[in-house]
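Before any comments, here is the structure.
Please treat every number below as a calculation from the coordinates, not as lab data. Values in this document were obtained by computation on a predicted structure and should not be read as measured data. Note: ideal-geometry Cβ built from the backbone for every residue, glycine included; neighbour counts use all protein chains shown.
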Amino acid sequence: MIIKRKFNPIRVIQYVQKEIIFSLLISLLVWGFYEQKISLVVLPFSISAILGSALAIFIAFRNNSSYGRWWEARTLWGGIVNSSRVLARLIITFTDSHAHQANFEKERSETFKKEMVNYCIAWVHALRLHLRKQENWEELQSFLSWEDFKVLTNSQNKPNFLQLLMGKKIYNAMSNGTLGGFDSFQMEGQLLALANFQGGCERIKNTPLLRQYDFFTRLFLYAFILLLPFSLIGDFTRMEISFLMIPVALIISFVFAILAKVGEVNEDPFENRITDVPLSALCNTIERDLLEMLGQKDLPKKLEAEQGFLF
Amino acid sequence: MIIKRKFNPIRVIQYVQKEIIFSLLISLLVWGFYEQKISLVVLPFSISAILGSALAIFIAFRNNSSYGRWWEARTLWGGIVNSSRVLARLIITFTDSHAHQANFEKERSETFKKEMVNYCIAWVHALRLHLRKQENWEELQSFLSWEDFKVLTNSQNKPNFLQLLMGKKIYNAMSNGTLGGFDSFQMEGQLLALANFQGGCERIKNTPLLRQYDFFTRLFLYAFILLLPFSLIGDFTRMEISFLMIPVALIISFVFAILAKVGEVNEDPFENRITDVPLSALCNTIERDLLEMLGQKDLPKKLEAEQGFLF
Amino acid sequence: MIIKRKFNPIRVIQYVQKEIIFSLLISLLVWGFYEQKISLVVLPFSISAILGSALAIFIAFRNNSSYGRWWEARTLWGGIVNSSRVLARLIITFTDSHAHQANFEKERSETFKKEMVNYCIAWVHALRLHLRKQENWEELQSFLSWEDFKVLTNSQNKPNFLQLLMGKKIYNAMSNGTLGGFDSFQMEGQLLALANFQGGCERIKNTPLLRQYDFFTRLFLYAFILLLPFSLIGDFTRMEISFLMIPVALIISFVFAILAKVGEVNEDPFENRITDVPLSALCNTIERDLLEMLGQKDLPKKLEAEQGFLF
Amino acid sequence: MIIKRKFNPIRVIQYVQKEIIFSLLISLLVWGFYEQKISLVVLPFSISAILGSALAIFIAFRNNSSYGRWWEARTLWGGIVNSSRVLARLIITFTDSHAHQANFEKERSETFKKEMVNYCIAWVHALRLHLRKQENWEELQSFLSWEDFKVLTNSQNKPNFLQLLMGKKIYNAMSNGTLGGFDSFQMEGQLLALANFQGGCERIKNTPLLRQYDFFTRLFLYAFILLLPFSLIGDFTRMEISFLMIPVALIISFVFAILAKVGEVNEDPFENRITDVPLSALCNTIERDLLEMLGQKDLPKKLEAEQGFLF
Amino acid sequence: MIIKRKFNPIRVIQYVQKEIIFSLLISLLVWGFYEQKISLVVLPFSISAILGSALAIFIAFRNNSSYGRWWEARTLWGGIVNSSRVLARLIITFTDSHAHQANFEKERSETFKKEMVNYCIAWVHALRLHLRKQENWEELQSFLSWEDFKVLTNSQNKPNFLQLLMGKKIYNAMSNGTLGGFDSFQMEGQLLALANFQGGCERIKNTPLLRQYDFFTRLFLYAFILLLPFSLIGDFTRMEISFLMIPVALIISFVFAILAKVGEVNEDPFENRITDVPLSALCNTIERDLLEMLGQKDLPKKLEAEQGFLF
């Protein structure tokens, strides 16, 4: 996620360099032909206007959908932050609430709390790696028992497998008395919420924005850039400033190219790019909040934005 | 679902060939008349502009609704993925959680888990066939008992009937002690979710996008293509490039025709076409995830996109 | 609901005949005046352009809202289909699940299942008649006991009264042992859902789309049709094709009139018109699905579209 | 809420009289100056076009938000209708469901049902008065006990206080055996729903649509009306029909003023105006439905629209 | 939040002073050059029109998203008001409902009610300070016990820590008999709702509106203001009123600058600015409502708008 408010102009131009170079070439060509009095290339400006508005419909639609995807992804991860906290709180308060019972064993309960909260954290990191298609699963090792970690590395859908492990741990605790009553019932609510958030993220990851919109947006953008100099040259020549057509065509092409690109980068929010939803920072927040709830003192350092980007 | 980023230009033109041929004929006719000095056919360009924007309103509205339907269908199937996983997890952990009870029978429990998870998979495949109006119900046979499969083939709404069977199996397990306590209560939550997802899919399948919008979009598109050459010919003749009117009319007609078509193909997401929601791939994902949760090793092969299309 | 893809052109024109006749009269008048050299009636075209876009804002807004109402109505009825099925499934599986208990009476249970499912069907039909303000309540008689039917005919809100009866039957079954445990708790979830769907439908039925938007859309449409010939005549006369102004004014008026009408017909989805949400077909689907779940063999015939319309 | 389909033209013009008088004055002035050959006041029409579309963006945004607020308010009250009915049904069926128990007292139960349903009705009326900032609290007296009514008149948030009273009555009934089991649990669901609907209404009441949008819409509207004659006079004088500029400027100003006003009246749906959500009629519906459920025969008269307005 | 309906014109102009000064400078320069007959700087007006509409797309999109964020923030806080009231009502009625039980201790129960309600109020204030990044935590001291306050000041996420404390208090009350049955179960529902509202607020706080849209909106706004005088000067000179170009360029620049700014101020609703969601007033409402429910007589004074602003 981009945090800084000002962008490097060189980076911005590099960003749409293909479109700008294309526009420059066409403009120079049109201007050159015209200077040679080969005047057949003049089109009325209304052609560009009507194409420009058709293009604008496409781009507006694409940008809306694209931003909608990004914001949904962010909202899903916001939900993961909430449900992780609530689940951790339930684990801690429910386990403690049985302290007055006959079969209460303090150490067993403390171990259970710590283990469960660590598995919650592991699930969050696992989902991050799963969505970004990264393979450094050893990051999870410190949160899991050695056996579980070994089995995990062989499973295909790792967050789903961790959910199964967490579910099993809860019912184990129910049967040995660490938990009791309707404790599992309420925890299931948060496991369900987390499973649904994972599903939502996978849906966004696996279903790109409809390719038709993507392809034709780019096609129409290039068609628009191509026709633009032809429909500008007439007016500019009439005013005897034909060479000014070139920068004007460049500026208009730049605006439309940026409009199109800005939507494109938000289409896929889980690709380990600077425009991603900041999964690493969110995982860090969850880890810090949950460990604090356990009463741990030395929390991992807070992840801050670097050079205006937060991953 | 289309996965590839680049489209075959010939396929794209075939896609809107009717509109392009119509536009070509009209343009040639108008140009021919004009060359013969039959000048009555000149219209001001503003006519096209005002019709073009009315058409754009229609198309934008239709494309939005159409994409909304597609994305809702995808989201419903995303929900089916989640709820299937959660239901499978509940089946497994709940059954196992009674292992310490007096009336626990390991074999009965193992059979129950396997059977239930297979019925979940069968329901998902059944819904796919039901929505795509396909008839190869023998695909379900391996997941069901022979008797249930026989009865199923005679029922009219097969996924609904499978839900009834799953419900009955759960209460059967409750009464013989395989399950207990509030297990059925929590599983009902997922059965309910699956029933609602099915209902949502059937709503989209059975209610086409309002025909009025569809019909008048096409009508206005043809009207626009018809009037376009008449309102272009004036400007082009004045510039003495009247023959250039033909490609320009074609390009503008092509852009509007594509805009209209792109929305049309997403209207109905369950028709076994390349623009469908990829039901086969989603069913495959569910089958693999659920079988892995059961501990099965040889999972069915993952369905990948072929030639840029995922079914 | 309209199913057919092609519309009868004569019907379409009848549909907006008032607007077309009005446009024709004004155009002829303007043309006539102009032929008589009474030239004061010329307006610049930009007047029409600016009014046209203001009108377009209104129409787009109205069509969006109107379609939103129709689709919400359809979604509510989709929910009624789901919840009816789920409620029927719960009635059947819950009643059967007590078969192993001491106070189980097979006949009493079978009667209860049949009666409850019939009351579900009666509720759906009652809601249809209630929303369409039809009075043929005798359609419900076969689903209800004679006493309940008599009382029903005297109640003012019949679906609401049927809900009360269904609720009472459930608690009666709880107390005599036909149901038990938390059965009523789960059924209440579906009764609640059905009550909320009813409320949603009544909200749409009783609250027309804001009259201001409706009135001013029509007012501005007529104002636009009125001014259009005045602002077209100038350009057409300059090109010496003044009589061509008449068909062009007619076409543009037709497009805007259709745009306005298309939204209007979907405003009220429960009026027993061809553009209604197909309540009769949905009730038929529910009846067939629920009777099949009861194991009944001779289901009522499936309602199909007639002449391209599904009611 | 406005029910009638046709509006009184004089009322409509009064509605935007300030804008129309302003437009008339400016137009006359501009025309007068121009007739005196003081030609410096001519602006190109494109100025009005660009300002007109910026204004249209503002107005469209404001109307959308404004209608969204109105419809949300209506939906919240639709929810109040549903939840009131469901709560009344639960009160009646739950109380009756204990008729077979040892500690059942018929009179106590009947009193409880009647009292609770009356408190539900009182809550609805209280919310109406609360939202419309009316002070005739004596309307509630007939639904409440004398003591509760006295205390109520001294509380600051009366619907909230009535919720507390209803909650207390339910737990009182739980402890004396009028209710039992999980009855309170299910009723809480509806009390919660009603509390959330109240909160939603208060949010809309207390948070006006962002004042910035309101202020600048009016500012830009007046700026547009001011500049309009200056940019029209050129074209009209060229055609030698300069006096016609005045009615055309008036019509365009009228259209934009109506567009702006139509959104404004729906911004605040709880102000006891003819454009309000019809709270009185909704309260009347709830009162009639709930009293009928109690078996009461002489229901209050149904509130109908008067002169096309429903309050 | 701004309450007043009329804005101070000087403040409004200061608001967009940078854009206006920039526009003034460019206009003067262009006019000056032109007066010196350096005519190369004339551009056709259509350039501004096409850039203006591209800019309008950006601004409309930004304003929509920005208002959406503000309204979501307001809705989340509306939810906090509701859930706080409901939680307080549950605390009071549940505690009182055990008055007939053997182990009831009136003083313990009264202390519990008062303490819990005060912790609810503390949580709300803590969330306000947390979101606005204020540090005057001593405001919370009067609502908390001294020990809890000490620990709180050392925790990093204070509202989250208060939730943990509230959860613990509930289970403590469950075990000593102040509460019982399923009381904790229902209270958890409201704790969960509050946790989710907190998460939603943190999401809006921590995720600024996509910087790309912000940056390019400002860039294109300045580009538009820069090109505007060049494309106006032609028309105005032709009419021999070239100096009038300056105020017209200023007015158009002002309108677009205001359009852009109006959206910008609502992007971040928790910054302790006059355009914030009025957190202080909402906290005050909650405090007053909850203390009244406890039966307290001297409520804190109601926070009113000062000089048209409500914080």
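A few comments on the model shown:
- Shielding score for B:80-92, defined as the mean number of other chain Cβ atoms within 10 Å: 5
- Stokes-Einstein diffusion coefficient of chain A, Kirkwood radius over Cα pairs, 4 °C, 1.567 mPa s, in µm²/s: 56 µm²/s
- Once the convex hull of all Cα atoms in the protein assembly as shown is built, its volume per residue stands at 191 Å³.
- Between C:Lys37 and D:Gln101, the distance separating the two model label sites (each 7 Å from Cα on the Cα→Cβ line) works out to 10.0 nm.
- Theoretical FRET efficiency, 1/(1+(r/R0)^6), r = Cβ-Cβ of C:Glu306 and C:Gln17, R0 22 Å, to 0.05: 0.30
- Dipole magnitude of the protein assembly as shown about its Cα centre (Cβ charges: Lys, Arg +1; Asp, Glu -1), debye to nearest 20: 2020 debye
- Helix-only mean residue ellipticity at 222 nm for chain B, each DSSP H run of n ≥ 4 adding -39500 (n - 2.57), per residue, nearest 500: -24500 deg cm²/dmol
- Comparing D:Glu135, D:Glu287, D:Glu267 in a Gaussian network model of chain D, where Cα atoms under 10 Å apart are tied by springs, the biggest mean-square fluctuation is seen for D:Glu135.
- For C:Lys37, the lysines whose Cα falls under 28 Å of its own Cα, not counting residues fewer than eight places away in the same chain, are B:Lys37, D:Lys37.
- Farthest towards the positive end of the charge dipole of chain D, among the residues D:Ile59, D:Pro269, D:Pro300, is the Cα of D:Ile59, using unit charges on the Cβ of Lys, Arg, Asp and Glu.
- Low-density loop cleavage sites - trypsin sites (Lys or Arg not before Pro) in region E:23-103, where at most 11 other Cβ are within 10 Å (DSSP): E:Lys37
- Reachable aspartates and glutamates, given that their alpha-carbon falls under 17 Å from the alpha-carbon of B:Lys106 and they are not under 8 places away in the same chain: B:Asp96, B:Glu115
- Candidates D:Leu140, D:Leu51, D:Leu76, ranked by Gaussian network fluctuation over chain D, Cα under 10 Å, top entry: D:Leu51
- Of E:His98, D:Phe185, B:Val12, farthest towards positive along the dipole that unit charges on Lys, Arg, Asp, Glu beta carbons give the protein assembly as shown: B:Val12
- Label spacing, shortest first and in nm, from B:Ser145 to its equivalents in the remaining copies (7 angstrom along Cα→Cβ): 3.6, 3.6, 5.8, 5.8
- Charge tally around D:Met245: other residues with Cβ under 15 Å, Lys/Arg +1 each, Asp/Glu -1 each, net -2.
- Label-to-label distances for C:Ala305 across copies, nearest first, come out at 3.3, 3.3, 5.3, 5.3 nm, using points 7 Å from Cα in the beta-carbon direction.
- Partner shielding of C:211-217 amounts to 6, given as the average count of beta-carbon atoms from other chains within 10 Å of each residue beta-carbon.
- At R0 = 35 Å, FRET efficiency that the Cβ-Cβ distance of A:Thr153 and A:Lys297 yields, to 0.05: 0.65
- Helical segments meeting 30 Å axial Cα length and Kyte-Doolittle -1.0 threshold in chain B (DSSP H): B:45-97, B:106-131, B:183-206, B:211-238
- Pairs from the list A:Lys114/B:Lys113; B:Lys205/C:Lys302; C:Lys133/C:Lys158; A:Lys113/E:Lys169; D:Lys158/D:Lys302 with a Cα-Cα gap above 20 Å: A:Lys114/B:Lys113; D:Lys158/D:Lys302.
- Counts of other chain beta carbons within 10 angstrom of each beta carbon in peptide A:174-181 average 2.
- What you get for region E:1-65, charging only the Cβ of Lys and Arg (+1) and of Asp and Glu (-1), is a dipole of about 440 debye around the Cα centre.
- Charge dipole (debye, nearest 20) of chain C; +1 at Cβ of Lys and Arg, -1 at Cβ of Asp and Glu: 420 debye
- D:Leu28 versus C:Lys168: modelled label distance in nm, points set 7 Å from Cα along the beta carbon direction: 7.3 nm
- Dipole of chain C [Lys/Arg +1, Asp/Glu -1 at C-beta], most positive-end residue of C:Phe149, C:Ile246, C:Ile121: C:Ile246
- Whether region E:1-62 is rounded, prolate or oblate, judged on the alpha carbon gyration tensor where a/c under 1.5 counts as rounded: oblate
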